[in-house]
Amino acid sequence: MAEDRELRGAQQGTQAVWAGEGKSHWQRSTQVPVVQSVSFGYRDLDEWYEVALGEREGHIYGRNTNPTVQVLEEKIRLLEGAQAATSFATGMAAISSTLFALLSPGDRVVSIKDTYGGTSKIFLEFLPRFGIKVELCDTGDFDAIEREVAKGCKILYLETPTNPTLKVLDLPRLIGAAHRAGAIAVVDNTFATPINQNPIALAADLVVHSATKFLGGHADALGGLLCGRGDLVDAVFHFREISGATLHPEAAYLILRGMKTLSLRVRHQNESALRIARFLAAHPAIDQVYYPGLESHPHHDAAARQMRGFGGVMSFSLKGGFEAVRSFLPKLRYAHLAANLGSVETIAGPPRTTSHVELTEEGRRALGIPESLVRYSVGIEDTDDLIADLDAALRAARLATS
Ligand SMILES: *Cc1c(COP(=O)(O)O)cnc(C)c1O
């Protein structure tokens, strides 16, 4: 494809704008039209048949493919340097479809304890009902992960950095172990985004994204993406076109528009988050800061090797336990208190009431999630304003709870 060749030498900011956008559209519109059409009509029955067989480019029915959605798939494919890409109604649809399409009864999957809450539910609640064995290892114990993989598995499922304590997995090492065992290596790249990390360049077979987060970037559309090896993406696409968790063209358009500024946003969020993490680490009201960009982070070296930036999400624990969190959060001026991340606005919330609400206090402690933890997703506001906002809220919370 000519467009692909032209973009090969381009840097990521240029790719984010132009990838997938090279074709001319309806009435020469420069912007990708939102094609609100369920079906696509053919008067030539032979042509229709060839499109249906996949022998000729075109669309038949909106559950299978759509022109707007296809541009989004092309954009993520190029940004992740993948052979193929497909899309889903949500990030969880991408993840569950990948697992259900590629696993069969008797197969074994190895993963970590710190995967996204929904993913963890698939592993613990749904896959075992279909006779699929699941082994979840301690996230920081790479030796244990390698041992479990070496015992044989169909899929090694990884996510890095993790939610909410920002652990980082050594991708080259673990993907290498997966391939030695003949397993497929899948990586959830939602937190890093292709701007900060390209797992396929580190040999991953498949990459999944919740496009709801940084890719869309404006907290106004749900979506999921999968890219990687062509044969595997095809198998998952085939499952999705039948199971039906299709991305809506309107949502695809919003995500596409958001992705044009992905590189700008993420690079600003990287810089902002690092400054904020350093500010918080030195703050007397803070117990601990969890951010892979800090030299004190236990996986800082692995992060520095495989990531170009450390991302816009961090978490921190307050001195004074959950009472301090309860007092502190509502005092933030520039943050939505909500269960989301990766938006242009800063978003904060306690894992205790959002991502890990289903767990007991002991369950959260076992995962190393203190009750006084706050997850903080840095938006694109000016860094000085966010630091002043955090400082004022921390001081006021201290006065209120001391
Ligand atoms: C939000 C999220 C998901 C799920 O995505 P949805 O679009 O909400 O279904 C999966 N993985 C990670 C890391 C996430 O943050």
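All other residues whose Cβ lies under 14 angstrom from that of Ile276 are scored, Lys and Arg at +1 and Asp and Glu at -1, for a net of -4.
Are there GluC sites (Glu not before Pro) in the range 5-100 that DSSP marks as loop and that have at most 14 other Cβ atoms within 10 Å, and which are they? Don't jump to the answer; show the numbers that get you there.
Values: sites: Glu6, Glu21, Glu47, Glu50, Glu55, Glu57, Glu73, Glu74, Glu80; in loops: Glu21, Glu55, Glu57.
The qualifying sites are Glu55, Glu57.
Each listed q (0.14, 0.16, 0.20, 0.21 Å⁻¹) maps to a log10 I(q)/I(0) for the range 262-401, found by the Debye formula over equal Cα scatterers with no solvent: -0.62, -0.82, -1.27, -1.38. The phi-based Karplus calculation (6.51 cos²θ - 1.76 cosθ + 1.60; θ = phi - 60°) puts the 3J(HN,Hα) values of the range 217-232 at x, 10, 6, 10, 7, 8, x, x, 9, 9, 9, x, 4, x, 5, 6 Hz, whole numbers, x for Gly and Pro. Electrostatic bookkeeping for Asp114 treats Lys and Arg as +1 and Asp and Glu as -1; over the other residues with beta carbon under 10 Å from its beta carbon, the sum is 0. One equal scatterer on each Cα of the chain, no solvent, Debye formula: the resulting log10 I(q)/I(0) at q = 0.06, 0.07 Å⁻¹ is -0.24, -0.33.
Sorting Arg77, Arg365 by accessible area puts them as Arg365, Arg77; the probe is 1.4 Å, largest comes first, and only protein heavy atoms count. With contacts taken as Cα pairs under 8 Å at a separation of at least 6 residues, the chain carries a relative contact order of 16 percent.
A Gaussian network model of the chain, with springs between Cα atoms under 10 Å, assigns the largest mean-square fluctuation among Ser272, Ser243, Ser96 to Ser243. With springs connecting C-alpha atoms under 10 Å apart, model the chain as a Gaussian network and identify which of Gly349, Gly216, Gly58 has the largest mean-square fluctuation. Among Gly349, Gly216, Gly58, the largest GNM mean-square fluctuation belongs to Gly58.
Taking packing as the residue-averaged number of other Cβ atoms within 10 angstrom, the listed peptides 384-390, 190-196, 374-380 run from highest to lowest as 190-196, 374-380, 384-390. A simple count of charges around Phe310, restricted to other residues whose Cβ falls under 13 Å of its Cβ and scoring Lys, Arg +1 and Asp, Glu -1, yields +3. Solvent-accessible surface of the chain, taken per residue with a 1.4 Å probe and all protein chains present: 44 Å². Ordered from highest to lowest accessible area with the whole protein assembly present and a 1.4 Å probe, Ser263, Ser296 read as Ser296, Ser263.
Taking all protein chains together and a probe of 1.4 Å, list Tyr290, Tyr116 from the most accessible to the least accessible. Walk me through the intermediate numbers first.
Details: Tyr290 35, Tyr116 85 Å².
The residues order as Tyr116, Tyr290, largest area first.
Highest GNM mean-square fluctuation among Phe239, Phe328, Phe40, for the chain modelled with Cα contacts below 10 Å: Phe40.
The values are calculated or read from the model by the stated rules, or taken from the named source; none is laboratory data. A quick note: this is a predicted structure, and the numbers were derived from the prediction, not measured. Every residue, glycine as well, gets a Cβ built from its backbone with ideal geometry; the counts of neighbours run over all protein chains shown. We work out accessible area using only protein heavy atoms, side chains counted, and drop any ligands, DNA or RNA first. Shrake-Rupley method; radii C 1.70, N 1.55, O 1.52, S 1.80 Å.
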